[in-house]
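Structure first, commentary second.
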Amino acid sequence: MPISSYQYKAIQQAFQPGQQSFAENPYGVYALLRDLDEPFYYEDMNVYLLSRYQDVEGVARDGRMVRSLEAFMPADYVAEQQHLANFHDMPNHERFVQFSMLERDGDLHRRLRMIVLQEFTRSWVAQYTSMIQQTVDKLLDALMAEQDIDFIGDFAAHIPGYVIGHVLGVADEDCPMLRTWSENIVQYFDADRSEARKQLAEQATAEFALYLKDLIAQRGRRPGKDLLTRLISASNAGRLSEDELISTSMLILAAGHGSTIDVLGNGMLALLNHPDQLDSLSSNPAQAPAAVQEMIRYDSPLPFFHRYASVDCEVMGMPYPVGTKFGLLYGSANRDPRQFSHADRFDINRYPNRHLGFGRGAHLCLGNNLARLNMEITFASLLARVKTIELRQTPRFRLGLASRGVRELALRLL
Ligand code: HEM
């Protein structure tokens with residue numbers, strides 16, 4: 001059935017990623033979207049939103065649906081679209097995007113992804129177990145001296161920078177800078193493209209690229225046992241250019257940073273709001289792998305990505321022309337009752353749990369094994385050391401559509 005004007009207005013009023021009410025609970029709006037039998041056109045981002053599991057997964061797996069306009073549109077059209085989205089006049093950011101596997105398609109994407117794929121398999125990342133354990137233990141040692149903490153600022157925010165930094169070969173003392181750069185770059189992919197935010201993104205990309213250039217020169221002179229050294233070898237063997245080397249390193253450092261911080265916070269909050277699940281996980285840490293999957297499904301930290309139709313196509317039974325932009329609401333698909341029984345229930349033993357929190361298809365999250373290992377160790381270690389965790393204050397979520405996480409999570413550890 002076509003959308004009635006009443007339904008359309010109700011969704012238009014509720015779908016406000018710039019408002020606090022949406023940030024606190026987007027799931028009611030997602031449910032309204034899933035009731036529609038066609039994609040909802042969100043004018044502010046010129047995008048057709050897909051909200052049901054089957055449709056989101058179908059488009060994510062469809063090779064004709066691509067990340068980049070460059071793959072099939074003339075250069076002047078691409079430039080015009082960049083202008084409209086305020087993505088012009090930012091040479092450093094543009095360079096990062098241009099050579100990033102996340103933004104490429106087809107053979108180019110496959111080549112960039114294949115160079116690093118082996119580095120992120122479950123068996124390969126297992127070698128980082130003790131490094132992650134040490135990183136988490138060190139942070140917990142400091143945390144145990146406090147009773148009242150901000151789970152995000154005092155704990156979660158420090159974990160991914162060190163972990164991904166160590167994997168790549170960044171020195172300990174430089175890891176904190178990765179957070180600021182990553183956050184300032186990633187924030188510009190969300191709906192608010194103001195000039196101030198644009199400046200932040202451009203400056204962070206420029207500084208990050210300079211830092212990486214310097215680090216690459218150092219590793220070139222003195223190779224190590226890290227991922228960066230192996231990427232430099234691949235570059236020396238002609239498998240990736242210097243720009244691709246910098247962009248790949250930057251993407252690996254940035255892509256897994258905020259997402260991991262957010263999902264640690266969202267996961268902790270879900271446990272606190274479901275004390276039976278928290279007790280269950282505390283008394284049986286073997287549940288950690290399943291619990292972590294459920295945290296990623298239940299409150300996905302990256303709920304929205306896009307694809308462009310590279311040919312005329314049909315989606316949800318309706319025709320769309322080449323160039324149409326679709327929004328994949330992974331966060332909504334993960335709450336679709338057609339796919340998950342009691343979809344709004346947080347159940348750390350949920351099985352099966354084929355969530356879309358890491359995406360699907362060609363761009364399936366490269367770092368998903370590392371992210372899950374990191375989370376499993378973090379929650380198992382925290383719950384082994386703390387008897388009681390209390391929420392001191394209801395947290396507030398950040399505004400936005402593309403990423404989801406709390407600003408602060410005020411806890412009391414007993
Ligand atoms: C819980 C934490 C994480 C979540 C929820 C997450 C989620 C995602 C999602 C949904 C995508 C798919 C994007 C799309 O459909 O267009 C993606 C892609 C990607 N992620 Fe993650 N991610 C996480 C952690 C990480 C980590 C730790 C790394 C790196 C070490 C990483 C690296 C990447 C890369 C490189 C891509 C692009 C892959 C490609 O285009 O082929 N992510 N991630």
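The values are calculated or read from the model by the stated rules, or taken from the named source; none is laboratory data. Quantities reported herein were computed from a predicted structural model and do not represent experimental measurements. Here Cβ is always computed from backbone atoms with ideal geometry, including for glycine, and neighbour counts include all displayed protein chains. Ligands, DNA and RNA are excluded from the accessible area calculation, which covers all protein heavy atoms including side chains. Shrake-Rupley method; radii C 1.70, N 1.55, O 1.52, S 1.80 Å.
Here is how the numbers come out for the structure above:
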| read-out | value |
| --- | --- |
| Per residue, in Å², the accessible surface of the stretch 284-335 once ligands and nucleic acids are set aside, probe 1.4 Å | 30 Å² |
| Candidate residues Glu103, Glu24: accessible-area rank, largest first, probe 1.4 Å | Glu24, Glu103 |
| Within the accessible area of the stretch 1-151 (1.4 Å probe), percent carbon and sulfur | 51 percent |
| Semi-axis lengths (Å, descending) of the ellipsoid that matches the C-alpha gyration tensor of the stretch 287-414 | 33, 16, 14 |
| Mean Cα-pair separation over length for the chain, i.e. relative contact order, pairs under 8 Å, 6 or more apart, % | 26 percent |
| Neighbourhood charge, 14 Å Cβ-Cβ cut-off, centred on Arg354 and excluding it, Lys, Arg +1 and Asp, Glu -1 | +3 |
| Positive dipole terminus of the chain, leading residue within Phe22, Ala10, Phe358 (C-beta point charges) | Phe358 |
| Per residue accessible area in Å² of the stretch 32-117, where ligands, DNA and RNA are left out and the probe is 1.4 Å | 51 Å² |
| The stretch 283-414 - percent of accessible surface contributed by carbon and sulfur, probe 1.4 Å | 52 percent |
| Net charge dipole size for the chain [Lys, Arg +1 and Asp, Glu -1 on Cβ; Debye, nearest 20] | 940 debye |
| Label-point separation in nm, Thr229 to Glu94, each point 7 Å along Cα→Cβ | 3.7 nm |
| Residue-normalised accessible area of the stretch 192-282, expressed per residue, 1.4 Å probe, Å² | 43 Å² |
| Apportionment of accessible area to carbon and sulfur, the stretch 212-252, percent (1.4 Å) | 45 percent |
| Average Cα contact separation per residue, the stretch 282-327, under 8 Å, 6 or more apart, as relative contact order % | 30 percent |
| Stretchable slack from Arg193 to Ser130, in nm (0.36 nm times residue separation minus alpha-carbon distance) | 18.6 nm |
| Three principal axis lengths of the stretch 1-157 [C-alpha, angstrom, descending] | 57, 42, 35 |
| Cα gyration tensor, the chain - rounded (a/c under 1.5), prolate or oblate | oblate |
| Additional length obtainable on full extension of the chain from Leu364 to Asp243, 0.36 nm per residue less Cα span | 41.3 nm |
| Summed side-chain charge close to Tyr162 - residues other than Tyr162 whose Cβ falls under 13 Å, Lys, Arg +1, Asp, Glu -1 | -2 |
| The chain: DSSP helices with Cα axial extent of at least 30 Å and average Kyte-Doolittle hydropathy no lower than -0.5 | none |
